[in-house]
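Participant: My structure is below; once you've seen it, I'll send some questions.
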Amino acid sequence: MQVGVIAIQGDFEKHITSLLACGLGASEVVEVRTPEDLSRVDRAIIPGGESTTVGLLMERYGLGSALKDAAAKGMPLWGTCMGMIMMASKVVGRSQYTLELLDIEVERNAFGAQVHSFEDEVLVDGIDTPVLGVFIRAPIVTKVHSPAVATASYGGKIVAVRQGNLIGTSFHPELTDDVRLHQYFLTL
Ligand code: GLN
């Protein structure tokens, strides 16, 4: 299995560590910066980071359209935090480049400027006991349109979604030692 981690900006190294902890070999985990890199993997993770910056770079250097083509052919993709924003079809109150892969609307930094980051347990569909949700200037999902479905909520707000082989989480499993969501992603 060849798993890509989009390595333009953000906490991609943490995802690499989590994937190695799942038992993948170093040669099975690939940093993806270009469409050529993406062509060498069968699934990919878009990490946390800054969605405005990453969107500009993805649009400019063609990785955005390569990801859209790959998703259309069924490639599993998982976006954490910024990655989920990148995969959303709409961002509340802003026009910024996104991949428009998940039929959802997201609101950035939705827990408020004063709540910069926090951690709490989150129950995610498909995982039998709660995971530790690490939220850092996290988005929430304000609208979910079929065929996307909500797979986790926190405080009444949707914080994880799935649409076929595409998943998004508001929080950062890669910043914990719990690799169950990474393992789940590897089964898609
Ligand atoms: N607030 C960031 C954004 O809107 C996302 C933060 C994160 O990925 N931890 O792009």
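Participant: Going residue by residue through segment 69-92, is there one that turns out to be over 25 Å from residue 150 (Cβ atoms) and either acidic (Asp, Glu) or within 16 Å of the chain's Cα centre (by Cα) (or both)?
Facilitator: Scanning segment 69-92 turns up at least one residue that is over 25 Å from residue 150 (Cβ atoms) and either acidic (Asp, Glu) or within 16 Å of the chain's Cα centre (by Cα) (or both).
Participant: Considering every residue within segment 39-46, establish whether at least one is assigned to a loop (DSSP other than H, G, I, E, B), at negative phi, under 15 Å from the mean Cα position of the chain (by Cα) and not aromatic (Phe, Trp, Tyr).
Facilitator: no
Participant: Which of the residues spanning segment 134-159 are within 16 Å of the ligand (Cβ to nearest atom), closer than 19 Å to residue 47 by Cβ and in contact with an Asp or Glu (Cβ under 8 Å, 6 or more places away or on another chain)?
Facilitator: Once the filter is applied, which keeps residues that are within 16 Å of the ligand (Cβ to nearest atom), closer than 19 Å to residue 47 by Cβ and in contact with an Asp or Glu (Cβ under 8 Å, 6 or more places away or on another chain), segment 134-159 yields 134, 135, 139, 140, 141.
Participant: With segment 129-188 as the region, which strands (runs of 3 or more DSSP E) entirely inside it contain at least 2 residues that are in contact with a Phe, Trp or Tyr (Cβ under 6 Å, 6 or more places away or on another chain), modelled with pLDDT of 95 or more and open to solvent by less than 10 Å² (accessible area, probe 1.4 Å)?
Facilitator: 131-136
Participant: Residues to consider are 94, 108; find the one that is within 14 Å of the ligand (Cβ to nearest atom), surrounded by fewer than 21 Cβ atoms within 10 Å (Cβ to Cβ) and at pLDDT 95 or above.
Facilitator: 108
Participant: Would you pick out the residues in segment 56-86 that are farther than 22 Å from residue 173 by Cα and within 16 Å of the ligand (Cβ to nearest atom)?
Facilitator: Within segment 56-86, 56, 57, 58, 59, 64 qualify.
The values are calculated or read from the model by the stated rules, or taken from the named source; none is laboratory data. All values derive from a computational prediction rather than experimental measurement. Methodologically, a virtual Cβ is constructed for each residue, glycine included, from the backbone with ideal geometry; neighbour enumeration extends over all protein chains shown. Surface areas here come from the heavy atoms of the whole protein model, side chains and all, with no ligands, DNA or RNA. Shrake-Rupley method; radii C 1.70, N 1.55, O 1.52, S 1.80 Å.
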